[in-house]
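Engineer: Take a look at the following structure, please.
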Amino acid sequence: MAPPPDLVDDATAEILLRFPPDDPACLVRASVVCKAWRELLSSPAFLRRYRAFHGAPPLLGFLHNIYDEGPCARFVAVAAADATATTFPFSGPAFDRFGWWFVECRHGRALLQTFERHAPARLVVWDPITGDQQYLPMPVSGHPYFCRSAAVLCAVDGCDHLDCHGGPFLVVAIGGFEEDTHIWASVYSSETGVWTMSFPIQLDAYIEERPSLLAGDALYFSAQQGKMILMYDFIGHSLHVIDAPDMFEPTEGIVVTAEDGGLGLAGVKDGNLHLWSWKAGPHGIAEWVQGRVVKLRMLFPILNPLASLNVIGFQEGTDTIFISIDMDVFAVMLRSEQVKKVGKTGSKYAMAPYVSFYTPDLAKGRLLSP
């Protein structure tokens, strides 16, 4: 019997273009079919088309912290939480670092802080796919300085953030001094290797150890158990304080992406998820507008009435938030109200999803073999 005719190159590319990004092992299996496919899948032109075709990068895992006789940062691949899974879309790095503390993830990078014994504290920018790590000096050295929170983001103007690996980045650190009520921000550029400091503001509040929100030209940090929000303005290089709605007085809120892509706030009260948006009012003055109230016990009908419900993270730029129920973590898609279990926190601390395209050009042989 004669072999089947070869597919024309355009048809092959169109088929491979539709391979799901949340199962990147498919790409490496296809790359070993023949030399022509391997060259196609590794070509920059195809990979640009692939990322643009699928748009939003897939969720590959998340980072969270545990505290067991000391701080420990841990990376968990999403598929590893599914006991019925036969393959893992992302093999995941072996990352379980005692003396490190996860801060947040954004644009294909993770930001961590070290607390290792007999070593000065440092910030680390880590790429979970390539394994690259870059150690940064702290903005201010010596006691009594301390870093309260920080954020990492791509530094390329106009970038679509579909492939930021290896490019320049910024780190924004929020700092203070012990026994002082002044807070300031400092920005590190990977291109210059220099920290630049903003003017401090007077604020007697605790900055939460939760991922920040990047919306427009500003970063937002939760403060004082969600009762305040600290905004860093990239245009004016200044800090500002936004008070949360009164509803968050007895509970804890977390900054999230609002429906319009701007600043939002989410928190659980009486078993319900309350959503708010920061919008311009009728006179041009921004104010909080209450949005949906999602009845979580309708989404989780077998929920234990005594279970602890908390919003512990969100996927920036989407309608997905992450809720912990005791020690289990669930992704909740707010528009569709679909729910998916993604893992266990193992602790009460916040978590952040890691999203990125995982293609053969970046994996460098770490994708699962066929």
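Engineer: Among the residues of segment 327-334, is there at least one that is among the aliphatic types (A, V, I, L, M), open to solvent by 40 Å² or more (accessible area, probe 1.4 Å), in a loop (DSSP other than H, G, I, E, B) and modelled with pLDDT of 70 or more?
Structural biologist: Of the residues in segment 327-334, the ones among the aliphatic types (A, V, I, L, M) are 327, 329, 331-334.
Next, only the ones that are open to solvent by 40 Å² or more (accessible area, probe 1.4 Å) stay: 327, 333.
Filter once more, so that each one left must be in a loop (DSSP other than H, G, I, E, B): 327.
Subset that is modelled with pLDDT of 70 or more: 327.
Yes - at least one qualifying residue is present in segment 327-334.
Engineer: Something else: Just the residues that are without any contact (Cβ under 8 Å) to a residue 24 or more places away in the chain, of a type in the set (A, V, I, L, M, F, W, C) and part of a loop (DSSP other than H, G, I, E, B), please, taken from segment 206-244.
Structural biologist: Once the filter is applied, which keeps residues that are without any contact (Cβ under 8 Å) to a residue 24 or more places away in the chain, of a type in the set (A, V, I, L, M, F, W, C) and part of a loop (DSSP other than H, G, I, E, B), segment 206-244 yields PHE234, ILE235.
Engineer: Just to be sure, is ASP233 charged (D, E, K, R) and in contact with a His (Cβ under 7 Å, 6 or more places away or on another chain)? Write out each step before concluding.
Structural biologist: Values: charged (D, E, K, R): yes; in contact with a His (Cβ under 7 Å, 6 or more places away or on another chain): yes.
When the stated conditions are applied, ASP233 passes them.
Engineer: Could you tell me how many of the residues in segment 211-252 are surrounded by fewer than 21 Cβ atoms within 10 Å (Cβ to Cβ) and more than 19 Å from GLY313 (Cα to Cα)?
Structural biologist: 18
Engineer: It is to be established whether one or more residues within segment 348-365 are modelled with pLDDT under 75, open to solvent by 20 Å² or more (accessible area, probe 1.4 Å), over 30 Å from LEU40 (Cα atoms) and touching a helix residue (DSSP H, G or I) at 6+ places or on another chain (Cβ under 7 Å).
Structural biologist: Taking every residue of segment 348-365 in turn, none turns out to be modelled with pLDDT under 75, open to solvent by 20 Å² or more (accessible area, probe 1.4 Å), over 30 Å from LEU40 (Cα atoms) and touching a helix residue (DSSP H, G or I) at 6+ places or on another chain (Cβ under 7 Å).
Engineer: Between residues in segment 335-347 that are assigned by the TED database to the domain that holds ASP319 and residues that are among the acidic types (Asp, Glu) and modelled with pLDDT of 70 or more, which pairs lie under 7 Å by C-beta distance while being six or more apart or on different chains?
Structural biologist: ARG335/ASP319; LYS341/ASP328; LYS344/ASP328
Engineer: Give me the residue from segment 25-71 that is open to solvent by 60 Å² or more (accessible area, probe 1.4 Å) and assigned to a loop (DSSP other than H, G, I, E, B) and, out of that set, nearest to ARG210 (Cα to Cα).
Structural biologist: The qualifying residue nearest to ARG210 (Cα to Cα) is ASP68.
Engineer: Going by the conditions given, is MET247 in the same structural domain as VAL293 (by the TED database) and in a helix (DSSP H, G or I)?
Structural biologist: Values: in the same structural domain as VAL293 (by the TED database): yes; in a helix (DSSP H, G or I): yes.
The answer is yes for MET247.
Engineer: Counting just the residues of segment 178-210 that are open to solvent by less than 90 Å² (accessible area, probe 1.4 Å) and of a type in the set (D, E, K, R), which one comes out nearest to GLN133 (Cα to Cα)?
Structural biologist: So in segment 178-210, the residues open to solvent by less than 90 Å² (accessible area, probe 1.4 Å) come out as 180-190, 193-196, 198, 200-201, 203, 205, 207-208, 210.
Those still in the list that are of a type in the set (D, E, K, R) too: 180, 208, 210.
On the way: ASP180: 33, GLU208: 25, ARG210: 21 Å.
Among those that are open to solvent by less than 90 Å² (accessible area, probe 1.4 Å) and of a type in the set (D, E, K, R), it is ARG210.
The values are calculated or read from the model by the stated rules, or taken from the named source; none is laboratory data. Keep in mind that what you see is a predicted model, and the values were worked out from it rather than measured. When we count neighbours, we look across all protein chains shown, and the Cβ atoms used for this are built from the backbone with ideal geometry, even at glycine. Surface areas here come from the heavy atoms of the whole protein model, side chains and all, with no ligands, DNA or RNA. Shrake-Rupley method; radii C 1.70, N 1.55, O 1.52, S 1.80 Å.
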